[in-house]
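For reference, the structure discussed in these notes is given below.
The values are calculated or read from the model by the stated rules, or taken from the named source; none is laboratory data. Nothing here was measured: the structure is a model prediction, and the numbers come from that model. Here the Cβ is made from the backbone with ideal geometry for all residues, glycine too, and neighbour counts use every protein chain on show.
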Amino acid sequence: MSLAGRQVLLGVGGGIAAYKAAELVRELSKAGAEVRVVMTAAAQKFITPLTLQTLSHHPVGVDTFDLQQESTISHIDLADRSELFVVAPATADLVARLALGMANDLLTTVALACRAPLVLAPSMNVNMWQHPATQVHIQTLRGRGVRMIGPDAGDLACGWVGAGRMAEPSEIAAGCATVLGETQTVTQDWAGLSVLVTAGSTREAIDPVRFIGNRSTGKMGFAIAKAAAARGAKVVLISGPSELATPAGVERINIESAVEMRDAVMSRADVQSAIFKAAAVADHRPAQVALQKIKKQGAASSLELQANPDILAELGVRKFGRVRPVLVGFAAETTDVERHAREKLARKHCDLIVANDVSEAGSGFGTDTNRVMLVSEGGVDRLPLLSKDEVAHRLLDRVRSLVKSA
Ligand code: PMT
């Protein structure tokens, strides 16, 4: 494990495992990292700043308003210079404050300002760890790409037995090295390839103020676009209305209706190496769109609908000018997920279906995480609950192996 020359910031929370922070500083330094430390007020009840200052050879930050330190190293400097921020122990209180984006002490202020990857080593009583509030915060943080190391299960300092013990310093240091290794080299395995991604919902107008829509936010599709661009692909993102920012390096085409999405997709389909259809497209649209707002009085009690084009099915039978792109459909299901996914794979002639159970907590619409299964003719690959960013990378790994050169 080498962390030679890497700038690591260690945040120490106020739990009994804080005494292990001394060993963690040593492990990180031994691996070559330059370690700086910030501590919460509670952490100082368990271990002194002097101990960590002596081991890290740098002043330890304890107070956002410490003017003496502000003259040399401000909280923004600490955030900016760090390549990785590891919080160990991450107590239940710290986990909650980090999830909520609070900045009410030096450690959380630095975390909010810091753009480096955040790694947490949770440590708390088993009941605090299992509490739904803590678990929601952990999911929120995971969804933002925060890495968790531990907690381990075993005898806890409080006398309980169960999950909640902080991972060993050597394990935390190794985890930091892994995360830094990943950020250093984002593989460019999609360089020279073109990718089309659809994302978000479509809106099918009823009149000038009303529409038929759905709950898709675009998060899944945007994550694929972002990951593909980061890995070197030329990416066009065709998106329904979404609040999300366009990922760096991605060309975005905004559409509203399924018909508009169809036209945009078909106009760009021929030059793609892979097409990811993550958008939730309305199957039907109103047969008539009223030119004026429909008044409550005299409004019909039913709406006549007509079928929308099935964009994925059309791509499945399209004659492509050159090599056929790898076609990846999504399936949003609430029951019999695998069976429905298989049916869509065959009917829409795709290479792969990414199926998600949208009734499962943490999966599907609007969440930062997703649990998907990748269904192909060859079988089913079930992925665990992951952040949508991680799902995107796992999907790109799989699809990259299916892309044929022109
Ligand atoms: O955007 P998020 O909030 O992150 O939510 C992500 C998601 C739940 C929307 C996403 O993970 C997902 O499941 N997308 C597909 C939703 C969907 O419409 O599934 P479907 O089973 O109805 O459609 C199957 C496939 O056919 C999809 O690839 C869809 O894009 C495509 N389709 C559907 C209808 C249609 N008229 N044209 C299509 O191309």
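For (1) in contact (Cβ under 8 Å) with a residue 24 or more places away in the chain; (2) buried (at least 24 other Cβ atoms within 10 Å of the Cβ); (3) assigned to a loop (DSSP other than H, G, I, E, B); (4) within 15 Å of the ligand (Cβ to nearest atom), each residue gets a yes or a no:
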{"position": "K226", "(1), (2), (3), (4)": "yes, yes, no, yes"}
{"position": "A229", "(1), (2), (3), (4)": "no, no, no, no"}
{"position": "M261", "(1), (2), (3), (4)": "yes, yes, no, yes"}
{"position": "R285", "(1), (2), (3), (4)": "yes, no, no, yes"}
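Can you name the strands (runs of 3 or more DSSP E) wholly within region 324-399 that have at least 1 residues being surrounded by 19 or more Cβ atoms within 10 Å (Cβ to Cβ)?
Those strands (runs of 3 or more DSSP E) span 326-333, 352-357, 372-376.
Could you please tell me which pairs satisfy a Cβ distance under 7 Å, a separation of 6+ or placement on different chains, a first residue in region 306-330 that is not assigned by TED's automatic domain parsing to the domain that holds A269 and among the hydroxyl-bearing types (S, T, Y), and a second residue that is more than 8 Å from the ligand (Cβ to nearest atom) and modelled with pLDDT under 95?
Cβ pairs passing all conditions: none.
Name the residues in region 193-224 that are within 16 Å of V328 (Cα to Cα) and either more than 11 Å from the ligand (Cβ to nearest atom) or among the acidic types (D, E) (or both), would you?
Scanning region 193-224 gives L193, S194, V195, L196.
Got a number for residues in region 238-249 being away from the ligand (no atom under 11 Å from the Cβ) and surrounded by 19 or more Cβ atoms within 10 Å (Cβ to Cβ)?
1
What number of residues within region 226-247 satisfy the criterion of being more than 20 Å from A191 (Cα to Cα) and touching a Phe, Trp or Tyr at 6+ places or on another chain (Cβ under 8 Å)?
Result for region 226-247: 3.
Within region 43-88, how many residues are modelled with pLDDT of 85 or more, buried (at least 16 other Cβ atoms within 10 Å of the Cβ), of a type in the set (S, T, N, Q) and over 24 Å from L3 (Cβ atoms)?
Matching residues across region 43-88 total 1.
Looking at V354, V326, which one is within 9 Å of the ligand (Cβ to nearest atom), in contact with a helix residue (DSSP H, G or I) (Cβ under 9 Å, 6 or more places away or on another chain) and of a type in the set (A, V, I, L, M)?
None of the others qualify; the one that does is V354.
Could you figure out which of (1) part of a loop (DSSP other than H, G, I, E, B); (2) of a type in the set (V, I, T); (3) modelled with pLDDT under 95 isn't true of T217?
Going through (1) part of a loop (DSSP other than H, G, I, E, B); (2) of a type in the set (V, I, T); (3) modelled with pLDDT under 95 one by one, T217 breaks only (3).
With the checklist (1) within 28 Å of the chain's Cα centre (by Cα); (2) assigned to a helix (DSSP H, G or I) in hand, flag the one item N104 doesn't pass.
(2)
With (1) in contact with a helix residue (DSSP H, G or I) (Cβ under 6 Å, 6 or more places away or on another chain); (2) more than 16 Å from the ligand (Cβ to nearest atom); (3) not in a strand (DSSP E or B) as the list, and V235 as the residue in question, which single condition is left unmet?
If we test V235 against (1) in contact with a helix residue (DSSP H, G or I) (Cβ under 6 Å, 6 or more places away or on another chain); (2) more than 16 Å from the ligand (Cβ to nearest atom); (3) not in a strand (DSSP E or B), just (3) comes out false.
Modelled with pLDDT of 95 or more, out of contact with any helix residue (DSSP H, G or I) (no Cβ under 9 Å at 6 or more places or on another chain), away from the ligand (no atom under 15 Å from the Cβ) and outside the structural domain of F222 (by TED's automatic domain parsing): does that describe Q297?
no
For region 17-42, give me each residue that is under 19 Å from A92 (Cβ atoms) and either surrounded by fewer than 16 Cβ atoms within 10 Å (Cβ to Cβ) or acidic (D, E) (or both).
Y19, A41
Filter region 164-183 for residues that are modelled with pLDDT under 85 and either of a type in the set (G, A, S) or over 27 Å from M220 (Cβ atoms) (or both) and give the result.
Within region 164-183, just G181 meets the criteria.
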